[in-house]
Amino acid sequence: MDEPAHGQADGLGEYDIRRPLTSTGTNLLGLVKHLAVWESRYFGEVFGRPFPEDLPRWDDEAASGTDLWATEHESREDIIGLYRRVWAHADATIAAHSLDSPGHVPWWPQPDVQLFNILVHLLSETSRHAGHADILREQLDGSTGTTAAHVPSHHDAASRQEQYALIERAAKAAVPDRATPSPTS
């Protein structure tokens, strides 16, 4: 597949790649771990090629949600390495099957699928999570674009604050009869 979210972690310290940046705890390293765990399931179990490493099972209630964040014992290298191993395993599954090869997704309401369905599903999921990673990185240091290293020269902190203020003024002006909402509304 692709290395979407972990590139957004480049250049950040351990705290920043792990810290929760939304009310649900979404963080950059957790996104990479989540993608790795689920790609291992979809390109492993679904096609009778279980990923050879022990990962939390989809049907283990006690492990639910543990794929969304990194413990203090899991290093950046551990999780990115896992993603790369899953990536190789996924590539091998894709190479070994035709697009109409049957698979079985026991957690889906209509579990009988073809490889094509899984490719489309994971393309959508990976794109969605890559977008999340872009937003998280922008919150951390203003980096935007396809890699964390892309910071347009006109987007320094003062320019970002000015742009934010412009958009905030427009938002407030659009609803003049309403009290200004709080940031958590």
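The values are calculated or read from the model by the stated rules, or taken from the named source; none is laboratory data. Quick caveat, the model's predicted, so the values are computed rather than measured. In this analysis, Cβ positions are derived from the backbone assuming ideal geometry, glycine residues included, and neighbour counts consider all displayed protein chains. The accessibility values were calculated without ligands, DNA or RNA, using every heavy atom of the protein model including side chains. Shrake-Rupley method; radii C 1.70, N 1.55, O 1.52, S 1.80 Å.
List of remarks:
- Distance from the C-alpha centroid of the stretch 32-70 to that of the stretch 78-129: 11 Å, rounded to the whole angstrom.
- For the chain, the carbon plus sulfur part of the accessible surface works out to 56%, probe radius 1.4 Å.
- Accessible surface, per residue, of the chain when the full set of protein chains is kept, probe 1.4 Å, Å²: 60
- Here the chain is treated as a Stokes sphere of Kirkwood radius computed over C-alpha pairs; at 4 °C and 1.567 mPa s its diffusion coefficient rounds to 70 µm²/s.
- HN-Hα J in Hz across the stretch 66-76 - Karplus 6.51, -1.76, 1.60, θ = phi - 60°, x for Gly and Pro: 6, 7, 9, 7, 9, 6, 5, 8, 9, 7, 3
- Placing unit charges on the Cβ atoms of the charged side chains and taking the dipole of the chain about its Cα centre, the candidate lying farthest along the positive direction among Gln163, Trp108, Val175 is Val175.
- The stretch 32-130: GluC sites (Glu not before Pro) falling in loop per DSSP and having at most 16 other Cβ within 10 Å: Glu53, Glu72, Glu74
- Here the Debye sum runs over all C-alpha atoms of the stretch 6-84 as equal scatterers in vacuum, and log10 of I(q)/I(0) at q = 0.19, 0.24, 0.25 Å⁻¹ comes out as -0.81, -1.18, -1.24.
- Lys, Arg +1 and Asp, Glu -1 on Cβ, resulting dipole of the chain about Cα centre, debye, nearest 20: 500
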